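Enquirer: Just passing along the structure, written as structure tokens.
Throughout, read-outs are computed from the coordinates displayed, never taken from laboratory work. These numbers were taken from a predicted model, which means no experiment stands behind them. Every residue, glycine as well, gets a Cβ built from its backbone with ideal geometry; the counts of neighbours run over all protein chains shown.
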Amino acid sequence: MKKIILLFGILLMVTSCEDTDIPNPNSPTAAAVLGAPTDYQAIVDGAYYSWWTSLHKYAPYFTLNVAADFATSSWGNFGMRDVGTISTPYGLGNHSAINNSTTYGSRSFITTPYYGLSQAIVSVNTIFNEIIVNGTSVIENDGTDNTNHVLATGYFARGLSYGYLSLLYDKSFVFIEGGEPAGLTADALKPYTEVSVQAISDLEQAISLANGLGSMEVNGFNGLTLGKAEFIQLANSYIAKFTAQLARTSSENASSDWAKVLTTASAGITFDLAPIGDGGTVWWHGNYYFGNPGWIRLDQKIVNMVDSSQPFPFPESGSYAIPATMPDARFGVGKDFRPQATIPFRSDRGTYFYSYYTISRYDAYRTNLTLPMVTFPEVENDLLKAEALIRTSGDLNMAATLINKTRVTRGGLSPAQGSDSDLMDKLFYERYLNAYEGPGSPFFDRRRTDDLGPKQFKDLPIPALELQTIGAEVYTTGGI
């Protein structure tokens, strides 16, 4: 009998929204555990929550933003201080390796996405095993055959999960319906490039199946109902995102399939993907603390990008006179990034953690946990398309127009022109100020442009518990 060793860690460390211990899909009791085929869609929809909660709450959301020098915090929670602390010289030194041990108190930023995304995959594979391997059809009470709808949404959920595993970890297991190895070992781990191939394949299969349906009603994202057209657009956008942000270096980035990014982003979303908060019970977002001025701030590297008169790194003395106004209209009282008179962080942990500016665009969420929670804004898709146009020597005037949708209308800056020699710089400026909502997005952008801090990690390691469970040597990343 096959044994999914990975499932041991999932069941120990992750609570499923449907509270179901998923067994080996090949077990003769699987169908009994799953219930009737009419329940399959609800189980697949539960995988969407597993994906959400793996990425959008404090860990790894805060940790990755601090590691990317998009946000800054010297507090120890979620490993923020650990990934932000550097050696000499002041403000520009090396980062340390990740502490990948089972006793590390802040290990949730390593373990939460790994086990949560894997759980989503296991849930989908269990359903797929019944449908694809065992030939079960999903016939609703009214006689409607809903099999391909379940499959399309399942491929999408699995594609999202494999996609983020490929972005976050240096390697991972890849297992699909009916194909789990008899005993997972380190030899079965696949490099992030192969994990990404599976993610893209799943998303493309979701699109293919959706195209064959007359209509769709996708309810996996809390409070939202996506129709067929929106579902297909979203799958295309995630293909574009995973293709563009996979690279670990600028040379890898140059070799990414930018023609594919252009094609899929051009067919991508014309709306913000923003599930609705449920009051903080299950569906909630790390923005609850992200705008708290005593908890986290906008990194000084971003401040300096916007206004070069404000120094980076933050002065070792611990203060400087901030200007009364900023050149970008997104900065100011009541704006996306709000100045503060004081800084809450401890000086003995390094004043390079300091910043006067809070990340305040979603301040309202701190008192109302039933608001839309943006994870893939339309502007991010626009900027993926614009970047692909630039990198494929396409219509640069169109690229500039897409950049100006936020650069001019929200930033109040002079319009970018297709002939600008710094058009790519202006594009990334907008990505940092207007497309940071997706979990890890600033980190993935810094990584693929060789702009992470010295010796900062480029991937998360497989969690120590998982490595010990499969009999593999525990390793770490970063600091070398």
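Enquirer: Cβ under 14 Å from Tyr354's Cβ, Tyr354 left aside: what net charge do those residues give with Lys, Arg +1 and Asp, Glu -1? Could the numbers behind the result be given before it?
Expert: Values: positive: Arg81, Arg297, Lys301, Arg346, Arg349; negative: Asp69, Asp299, Glu316, Asp348.
So the environment of Tyr354 carries a net charge of +1.
Enquirer: Compute the orientation-averaged projected area for segment 378-436 from the convex hull of its Cα atoms and round it to one decimal in nm².
Expert: Working: hull surface 13.4 nm².
Taking a quarter of the hull surface, the average projection is 3.4 nm².
Enquirer: Find which of Ala235, Asn99, Val150 sits farthest along the positive direction of the dipole of the chain, computed with +1 on the beta-carbon of Lys and Arg, -1 on that of Asp and Glu, about the Cα centre.
Expert: Result: Asn99, furthest along the dipole toward the positive end.
Enquirer: Students often forget the sequence filter, so: which aspartates and glutamates lie under 19 Å Cα-Cα from Lys455 once same-chain residues fewer than 8 apart are removed?
Expert: Asp69, Asp82, Asp170, Glu252, Asp299, Asp445
Enquirer: Considering only Gly412, Leu203, Leu460, whose Cα is most displaced toward the positive end of the charge dipole of the chain, charges sitting on Cβ of Lys, Arg (+1) and Asp, Glu (-1)?
Expert: The one lying farthest along the dipole's positive direction is Gly412.
Enquirer: Sticking with this one: Is the shape of segment 134-262 rounded, prolate or oblate, going by the alpha carbon gyration tensor and its root eigenvalues a ≥ b ≥ c, with a/c under 1.5 for rounded and a/b larger than b/c for prolate?
Expert: It is oblate, given that a/c is not under 1.5 and a/b is not larger than b/c.
Enquirer: Give me the percent relative contact order of the chain, please, defined on Cα pairs under 8 angstrom at least 6 residues apart.
Expert: Values: 920 pairs, mean separation 101.1, N = 480.
It comes to 21 percent, rounded to a whole number.
Enquirer: Assuming 1.567 mPa s and 4 °C, estimate D for segment 56-155 with Stokes-Einstein, Rh taken as the Kirkwood radius over Cα pairs, in µm²/s.
Expert: Calculated translational D: 77 µm²/s.
Enquirer: How would you order 336-345, 268-277, 163-172, 112-121 from highest to lowest mean count of nearby Cβ atoms within 10 Å? Show your work: numbers first, answer last.
Expert: On the way: 336-345: 17.0, 268-277: 18.8, 163-172: 24.6, 112-121: 26.6.
Final packing ranking: 112-121, 163-172, 268-277, 336-345.
Enquirer: In square nanometres, what is the average projected area of the Cα convex hull of segment 218-340? Each step should come with its number before you reach the end.
Expert: Working: hull surface 45.5 nm².
For segment 218-340, averaging the hull's shadow over all directions gives 11.4 nm².
Enquirer: Place +1 on the Cβ of every Lys and Arg and -1 on the Cβ of every Asp and Glu in the chain, take the dipole about the Cα centre, and give the residue among Tyr49, Gln310, Gly294 whose Cα lies farthest towards its positive end.
Expert: So the residue we want is Gln310.
Enquirer: Next up: Taking the Kirkwood radius as the inverse of the mean 1/r across Cα pairs, report the Rg/Rh of the chain. Could the numbers behind the result be given before it?
Expert: On the way: Rg = 22.3 Å, Rh = 23.1 Å.
We get a ratio of 0.97 for the chain.
Enquirer: Further question: Only helical DSSP H runs with n ≥ 4 go in: add -39500 (n - 2.57) per run for the chain, normalise by residue count and round the 222 nm mean residue ellipticity to 500 deg cm²/dmol.
Expert: Values: 18 runs with 203 residues, N = 480.
-13000 deg cm²/dmol, from helical runs alone.
Enquirer: Charges at C-beta only: +1 for Lys and Arg, -1 for Asp and Glu. How large is the resulting dipole of the chain about its Cα centre, in Debye rounded to 20?
Expert: Working: 33 positive and 47 negative charges, 263 e Å.
Value, rounded to 20: 1260 debye.
Enquirer: Provide the per-residue ³J(HN,Hα) series for segment 347-352, in order, calculated from phi with Karplus coefficients 6.51, -1.76, 1.60 and θ = phi - 60°, each as a whole number of Hz, with x at glycine and proline positions.
Expert: The phi angles translate into 5, 6, 9, x, 6, 5 Hz.
Enquirer: Along segment 417-425, what does the Karplus equation 6.51 cos²θ - 1.76 cosθ + 1.60 (θ = phi - 60°) give for ³J(HN,Hα), rounded to whole Hz, x for Gly and Pro?
Expert: 10, x, 8, 5, 6, 10, 4, 5, 4
Enquirer: Moving to a separate point now. With a 10 Å radius around each residue's Cβ, average the other Cβ atoms per peptide and rank 81-90, 378-387, 199-208, 50-59, highest first. Intermediate values should be presented prior to the final figure.
Expert: Numbers: 81-90: 17.0, 378-387: 25.2, 199-208: 21.0, 50-59: 23.4.
Averaged packing, sorted descending, gives the order 378-387, 50-59, 199-208, 81-90.
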